[in-house]
Amino acid sequence: MKYLHHLLLAASAANAHSIFQQLWVAAEDKGTSCARLPRSNSPVTNLNGADIRCNAGPAKASATCSINAGESLTVEMHPQPNGERKCGKDSAIGGNHFGPVIVYMSKVANAATADGSSDWFKVAEDGLDPSITTTDAWGTEKMNKNCGKKSFIIPKSTPSGEYLVRAEVIALHTQPAQLYMTCYQIKVTNGGNGTPGPLVKFPGAYKSSDPGIAINIHQQAPGYGYDRPASYIVPGPKVWSG
């Protein structure tokens, strides 16, 4: 029975793998046209390899999406690697894959050919909300409740030009942590003269010893009736808001 239990847990974990796929520019659904779709919905666990940039051998995007600085960009995540979209329980990622949702951008000369080795800055993060006392406090669960979508604003002072956008979930239910990321290609127009930062590289932005990576989320903090740390530090640099 114990062996069967482990098999069921493994199957559940595999079924809970997921991929960022679609992109919205303001209210316009761009589908997967500007996404470098990964070959599978399996996670990246090596923090020191090139796959941490834009996933393992992603396909080429068919377009680069234009967006005005100051507008909303929305990334959309779903479990199946075939463009299937659903809205309901575990819309984005299931299997108790609790963790933060993070978005980075990298200014590049050509979004279609950039390899992700350039500098990155963080534009959005959603970690553990201290005001929520259920598992809905995690960024992943907020995304599940929002039909797999995570929206953020391209800061008005973002310089015009082409960028890679790197959307990521760090699933902390197991160690090593499981990272799910996709890179999108965008072109920012009507931008400003801001200086995005702090800047980081991938690999290099994360270490396995970082508190937001190495944390054991299967601990019950006082005052909660379920496994949940008392606090959580999202890994990486601070968010640049312009």
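The values are calculated or read from the model by the stated rules, or taken from the named source; none is laboratory data. This one's a predicted model, so the numbers in the text were calculated from it and none came from an experiment. Here the Cβ positions follow ideal geometry from the backbone for every residue, glycine too, while neighbour counts run over all protein chains shown. These area figures cover heavy atoms from the full protein model, side chains too; ligands, DNA and RNA do not enter into them. Shrake-Rupley method; radii C 1.70, N 1.55, O 1.52, S 1.80 Å.
Along each principal axis, taking the top coordinate minus the bottom one, the Cα set of region 159-242 gives 49, 24, 20 Å in descending order.
What FRET efficiency comes out for Ser66 versus Lys86 if R0 is 35 angstrom and r is the Cβ-Cβ distance? Round to the nearest 0.05.
Working: r = 28 Å, r/R0 = 0.80.
FRET efficiency, Ser66 to Lys86: 0.80.
The label point for Cys147 and the one for Thr113, both projected 7 Å from the Cα toward the Cβ, are 3.8 nm apart. Remark: the chain carries a charge dipole of roughly 220 debye about the Cα centre, counting +1 on each Lys and Arg Cβ and -1 on each Asp and Glu Cβ. Computed over protein heavy atoms with a 1.4 Å probe, the accessible surface of the chain works out to 45 Å² per residue.
Separation of the alpha carbons by more than 26 angstrom is noted, of Lys60/Lys142; Lys89/Lys201; Lys142/Lys238, for Lys60/Lys142; Lys89/Lys201. Here the Kirkwood formula, the inverse mean of 1/r across different C-alpha pairs, assigns region 134-196 a hydrodynamic radius of 14.1 Å.
Over all Cα atoms in the chain, the spread is summed up by Rg and Dmax: 17.4, 62 Å. Taking θ as phi - 60° and the Karplus parameters 6.51, -1.76 and 1.60, the scalar couplings of region 185-190 work out to 10, 9, 10, 8, 10, 6 Hz in sequence order, x denoting glycine and proline. Size descriptors for region 9-135: radius of gyration and Dmax over Cα atoms are 15.5, 45 Å.
How large, in Å, is region 56-109 by the Kirkwood hydrodynamic radius built from its alpha-carbon pairs?
14.5
Seen against the Cα atoms of the chain and their longest principal axis, helix 2-15 is set at about 20 degrees. Close amide H contacts of Cys65 (hydrogens built in the peptide plane, cut-off under 5 Å, sequence separation of 5 or more or a different chain): Gln185, Ile186, Lys187.
Only Cα pairs under 8 Å and at least 6 apart count here; give the relative contact order of region 68-127 as a rounded whole percent.
28
Taking every alpha-carbon pair under 8 Å whose residues sit at least 6 apart, the chain reaches a relative contact order of 24 percent.
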